[in-house]
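The next block holds one structure in the form of structure tokens; read it before the comments.
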Protein chains: 4
Amino acid sequence: MKLGMIGLGKMGYNLVLNLLQCHHDVVAYDMNPRSVESAAREGAIPASNMEELVSALDTPRIIWIMVPAGDALHSVIDSLLPHLDEGDIIIDGGNSNYKNSLDLAENLGKRGLHFFDVGTSGGVDGAENGGCFMIGGDVTVFRHIEPIFKDIAVDKGYLYAGPSGSGHFLKMVHNGIEYGMMQAIAEGFEILEKSSFDFNYEEVARVWSNGSVIRGWLMELTENAFSKDARLDNIRGVMNSSGEGKWTVETALEFQATAPVIAMSLFMRYRSQDTDTFHGKVVAALRNEFGGHAVESTQ
Amino acid sequence: MKLGMIGLGKMGYNLVLNLLQCHHDVVAYDMNPRSVESAAREGAIPASNMEELVSALDTPRIIWIMVPAGDALHSVIDSLLPHLDEGDIIIDGGNSNYKNSLDLAENLGKRGLHFFDVGTSGGVDGAENGGCFMIGGDVTVFRHIEPIFKDIAVDKGYLYAGPSGSGHFLKMVHNGIEYGMMQAIAEGFEILEKSSFDFNYEEVARVWSNGSVIRGWLMELTENAFSKDARLDNIRGVMNSSGEGKWTVETALEFQATAPVIAMSLFMRYRSQDTDTFHGKVVAALRNEFGGHAVESTQ
Amino acid sequence: MKLGMIGLGKMGYNLVLNLLQCHHDVVAYDMNPRSVESAAREGAIPASNMEELVSALDTPRIIWIMVPAGDALHSVIDSLLPHLDEGDIIIDGGNSNYKNSLDLAENLGKRGLHFFDVGTSGGVDGAENGGCFMIGGDVTVFRHIEPIFKDIAVDKGYLYAGPSGSGHFLKMVHNGIEYGMMQAIAEGFEILEKSSFDFNYEEVARVWSNGSVIRGWLMELTENAFSKDARLDNIRGVMNSSGEGKWTVETALEFQATAPVIAMSLFMRYRSQDTDTFHGKVVAALRNEFGGHAVESTQ
Amino acid sequence: MKLGMIGLGKMGYNLVLNLLQCHHDVVAYDMNPRSVESAAREGAIPASNMEELVSALDTPRIIWIMVPAGDALHSVIDSLLPHLDEGDIIIDGGNSNYKNSLDLAENLGKRGLHFFDVGTSGGVDGAENGGCFMIGGDVTVFRHIEPIFKDIAVDKGYLYAGPSGSGHFLKMVHNGIEYGMMQAIAEGFEILEKSSFDFNYEEVARVWSNGSVIRGWLMELTENAFSKDARLDNIRGVMNSSGEGKWTVETALEFQATAPVIAMSLFMRYRSQDTDTFHGKVVAALRNEFGGHAVESTQ
């Protein structure tokens, strides 16, 4: 099929490569012309702006947007709208909040446009070689674009999840689970590190990647990480986060769902971003007040 | 090689099958004669008591014990000791506390016996078709028995972890990670269940098993579980535990390691075993005291 | 001073009593005429509707609204607005979200009205006999109404907290702390309950209320609760919540503040409202899948 | 009454002052002769060694030991034993593990000695001016020594808790609750600190100490702390711990009691003692592996 790709960052660019390998025709655009040139060298049809991208597609057009959620996404859609026709299809493959996708689907629907919220997992490598796609939107229109997902996903790696919002909802929860799994793995290695045994972490991750109950891609990546830096001496333990974990916890609160593990994995990330904490100061001060326990001075 | 297997429960029996398939000679004993008969039908040499098992082995004997940790293990070892000779090798493949293994290794070592603590993962299926083995003990003696593990493990699925205790230590931490990962997955599905979307959980688990960041054996098992009972309507959410998760948290406390996710996954298991809680009663009573908030009556 | 009170529920009615005892003139209104009659019998000036209440006050009018946050509050304000004059003062003493108070202050400010968000703590008893008030709004106007708070608060029990929103923000965080403290106390008693000692909980709460580090009003209320029902046999451990705890956790997420204890106290409340959990079903099903561990049936 | 006090540290010395004020006769001993001299100046009868202390008491002797739990306690008891007579009474007022108290009571009981485990709360100030005492041991013998506790406790601030071990058990759980309450308060102030409001924390703690639901001694101490250092700029947020919080969590694990808040308050203390964490490194490395997210370098 022929489709447009807007946003040629790590994920978008690799998706283009994946689509080209599957013999789809891709019209590619990015704010950065060099990314467009690179994509063109790989076989994509270059577009120097969004209007050109739209013109190069046949109706009903299929346009996959792979830009950061929020302002960047809305800005792209605003720029596209004047050039689109009824029946055109917009895919948001980014990490948007599912509530945003619900709104977008409704607003674009009023203009006769079809919107799909597509959660994408599998990392940069998955984007290129076969990832995992969770898709929300109209089921009839989905059948029209399904061949794309069949091609770029790994075997069984795509799912029509349900109506609009369900794709990004699944991706959000996926990331919440990911936070919890990563923290669980990490806590395990912290306990190993504090033990008096002298484990080889790469080997530990390897044996746990082979036949154990906890085997999986994250454990394989753990092995990779330790293969490069045996005790992670060069890495600071600052754990950033990009939003979905927080949304998952907010959603749990909204639904009154019990999600202590996902919540704690998020709080430990926040904790890691502070070198000292105000709550720690308060507790230290209180211990000093009632028990005369010494406090450590900041000087 | 030739070795004895004591304990033909789910794990031990399947290990025997695995060993036989790899052309090892297995002398099999269990308190239950029917299990011994079954093993014999599969090709094992039956032993009707431990003395017979010991006699049927060549020195240095290799005896794998696969019985519940604690009393059962110690009882087996006590029964074996009078019949063993210096240089014999005892393998504890059960879920023993690593501190127990440290003690055993020391005590058996004084008698000239070699002890290996072997953590076994991969479930019943892994035991039969290739599991994951974490092995602690003397490294020189280990080289002698390594061919066994090479055969019964999946590819790269065994590790000489270090001195005595390290095998069961790794298994303990493995299970702690497992608790956290399972709870993370479970919380994700709880959020799906409380959403207004109508997800097909089997399909969700399938797409997450294909190409996603959180793919792995636990997610595949999740798919299996939902394939049998689409919304788990027939299962009560009572989460039992068998010890290693608790030991992992105790070890974290001992080492002053931060393990909130593993700890919370354990506490949620305990919580699931109570239909009502005393802490809940206290909070409900307090809300009533200061705010006049209604309490629910037990009648 | 003379002021109006709209909303004569548990809190509002007791505030009226408190104000009357302090020799303030209170014009009282509630949707329920019987509450107005009761207040009148205590010395309040009855109003049969909001217009009448407004008319009975001198400008600049002081109107304290003590109704549930959200729709009820906004409905009262909408009804009041046509009758108010520039310079009038509206106090929201309810448990409103501080963001709502920020909006209200701005909107009412545009009409020349002064808005105060007042967090109220101390329970029903505090409302009548001296509570704790956290006040946000314009500092100059605050000096005008300060005498009211000086009278109805316990000694030092009121605070001009800062600009609009700060009063309800402090109350929100106060309640978050309250959740954590209550859960901590409750967990302590759960551990006592599961021990083999046979503690008298009323006596325990009493001794902890006298001279201990953890003495305070909550512990005194714990003593009261156990004095009525020695083991809380008649109370189900269902812990409801009314919003501020959730807002506190949401705020912590928004600020990337580490608040594991407040978050866990909230999640345990949610957990208590479910008799069974979907996350529990998933974990039980997984244990069955990999280890053949029995599940409990719902039948 | 006449009693001996061994251990004149912060707590023991202040208990001596308290006892003297209540007109008890106190024979005082400490390894540090200067502490003994100080106590003598206040009216205590000095003892230069334990034998002398024992000799100075009438049978049945009452000896209160106020030394660190564990080795110090056992060493004192070992030194005392040869000089004691059947019927003598030993009080351990330190923070001993209740299991240790169970053992001690049994061992001393075999020699005809009476042992009381006394949990002491209220801080240094409470020791001098009236604290809180939780007492485990034989109830009949307790009636003999009860007058001492009646005098040195604040009003209703002592409790015969039950048989041996129950006093230290209550103290342990008390401290667990204390951990949770302190962390709850501290998290609240952390949220205030991260807000855009400019709160005066001393004033906040003061208003919360007057009439609020969360008023109590810890909040008063919070006010004191902020009165000395308005934003705790001079204090590092390192939260040490001395054992009872850990024992409380271990006990919760042993009883399968759900204690997430106490556990998390303990883990946050452990976390505060590490400037960087291995679990953080693992999560940061994993994010880099699958998403190409930048890590922060330790250099």
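Quick note: the coordinates plus some simple rules give every number you see, no bench work behind them. All values derive from a computational prediction rather than experimental measurement. Counting neighbours? That spans all protein chains shown, and the Cβs are built from the backbone with ideal geometry, glycine included.
Here each label is just a point 7 Å from Cα along the line to Cβ, and for A:H74 and A:T59 those points are 2.8 nm apart.
Axis angle, to the nearest 10 degrees, between helix A:166-194 and the longest C-alpha principal axis of chain A: 30 degrees.
Evaluating 6.51 cos²θ - 1.76 cosθ + 1.60 at θ = phi - 60° for every residue in the stretch A:147-154, the Karplus couplings come out as x, 4, 5, 4, 6, 8, 7, 5 Hz, glycine and proline recorded as x. Computed from backbone phi with θ = phi - 60° and the Karplus coefficients 6.51, -1.76 and 1.60, the 3J(HN,Hα) list for the stretch B:76-83 is 4, 5, 4, 5, 6, 3, x, 9 Hz; x is used for glycine and proline. Is the shape of the protein assembly as shown rounded, prolate or oblate, going by the alpha carbon gyration tensor and its root eigenvalues a ≥ b ≥ c, with a/c under 1.5 for rounded and a/b larger than b/c for prolate? Oblate is the answer for the protein assembly as shown, as a/c is 1.5 or above yet b/c matches or exceeds a/b. May I ask which residue of D:S242, D:Y201, D:W217 lies farthest towards the positive end of the charge dipole of the stretch D:171-273, with charges of +1 (Lys, Arg) and -1 (Asp, Glu) on Cβ and the Cα centre as origin? Farthest towards the positive end: D:S242. Applying the Karplus relation 6.51 cos²θ - 1.76 cosθ + 1.60 with θ = phi - 60° to the stretch D:33-49 yields 3J(HN,Hα) values of x, 5, 5, 5, 4, 4, 4, 5, 4, 7, x, 6, 8, x, 10, 8, 7 Hz, where x marks Gly and Pro. Once the dipole of the stretch D:118-216 is set up with Lys and Arg at +1 and Asp and Glu at -1 on Cβ about the Cα centre, which of D:V154, D:V139, D:H168 lies farthest towards its positive end? Of the listed residues, the answer is D:V139. A cut-off under 13 angstrom between Cβ atoms defines the neighbours of A:L53, and their net charge, with Lys, Arg +1 and Asp, Glu -1, is -4.
For C:E146, the label point sits 7 Å beyond Cα toward Cβ; its separations from the matching points on the remaining copies run 5.2, 7.3, 8.2 nm, from shortest to longest. Nearest to the axis that brings chain D onto chain C is this chain D residue, judged by its Cβ, with the distance in whole Å: D:G216, 1. For chain D, with a Gaussian network of springs between Cα atoms less than 10 Å apart, report the residue from D:L286, D:L266, D:L102 with the top mean-square fluctuation. Ranking D:L286, D:L266, D:L102 by mean-square fluctuation puts D:L286 first. Within 14 Å, Cβ to Cβ, of C:Y158, how many net charges do the neighbouring residues add up to if Lys/Arg are +1 and Asp/Glu are -1? Every neighbour counted, the sum reads +1.
Each other copy holds its own label point for B:E254; taking that point as 7 Å from Cα along Cα to Cβ, the gaps run 1.5, 4.5, 4.5 nm, nearest first. Each Lys and Arg contributes +1 and each Asp and Glu -1, all at the Cβ; summed about the Cα centre of the protein assembly as shown, the dipole is approximately 0 debye.
Please determine, in degrees from 0 to 90 and to the nearest 10, the orientation of helix C:244-255 with respect to the longest principal axis defined by the Cα atoms of chain C, where the helix direction is its Cα long axis. In chain C, helix C:244-255 runs at an angle near 80 degrees to the longest axis. Averaged over the residues of A:292-298, the number of partner chain Cβ atoms lying within 10 Å of the residue Cβ comes to 5. Residue order for C:H174, D:H24, fewest other beta carbons within 10 angstrom first, comes to D:H24, C:H174.
Computed over neighbours whose Cβ is under 11 Å from that of A:G4, the net charge equals -2, Lys and Arg +1, Asp and Glu -1.
Placing a label point 7 Å from the Cα of D:R231 along the Cα-to-Cβ direction, the distances to the matching points in the other copies come to 3.8, 5.3, 5.3 nm, shortest first. Rounded is the label for the stretch C:2-164. Its Cα gyration tensor axes, ordered a ≥ b ≥ c, give a/c under 1.5. Multiplying the residue separation of D:D151 and D:E86 by 0.36 nm and subtracting their alpha-carbon distance yields 20.8 nm. I need the shape label for the stretch D:154-299. Rule: rounded when a/c is under 1.5, else prolate if a/b > b/c, else oblate, with a, b, c from the alpha carbon gyration tensor. Since a/c reaches 1.5 but b/c is at least a/b, the shape of the stretch D:154-299 is classed as oblate. Taking the Cα atoms only, what angle lies between the long axis of helix D:217-228 and the longest principal axis of chain D, rounded to 10 degrees? Roughly 70 degrees, rounded to the nearest 10.
Helical content alone sets the calculated 222 nm signal of chain A at -16500 deg cm²/dmol, taking -39,500 (n - 2.57) per DSSP H segment of four or more residues and averaging over every residue.
Checking the Cα-Cα distances for C:K156/D:K228; C:K194/D:K99; A:K194/B:K246; A:K2/A:K150; A:K99/D:K281 against a 22 Å cut-off, the pairs over it are A:K99/D:K281. Between the C-alpha center of the stretch B:23-59 and that of the stretch C:160-197 there is a gap of 61 Å. For the residues of A:227-237, the average number of beta carbons from a partner chain within 10 Å of their own beta carbon is 6. Mean partner shielding of peptide B:148-156, defined as the number of other chain Cβ atoms within 10 Å of each residue Cβ, is 2.
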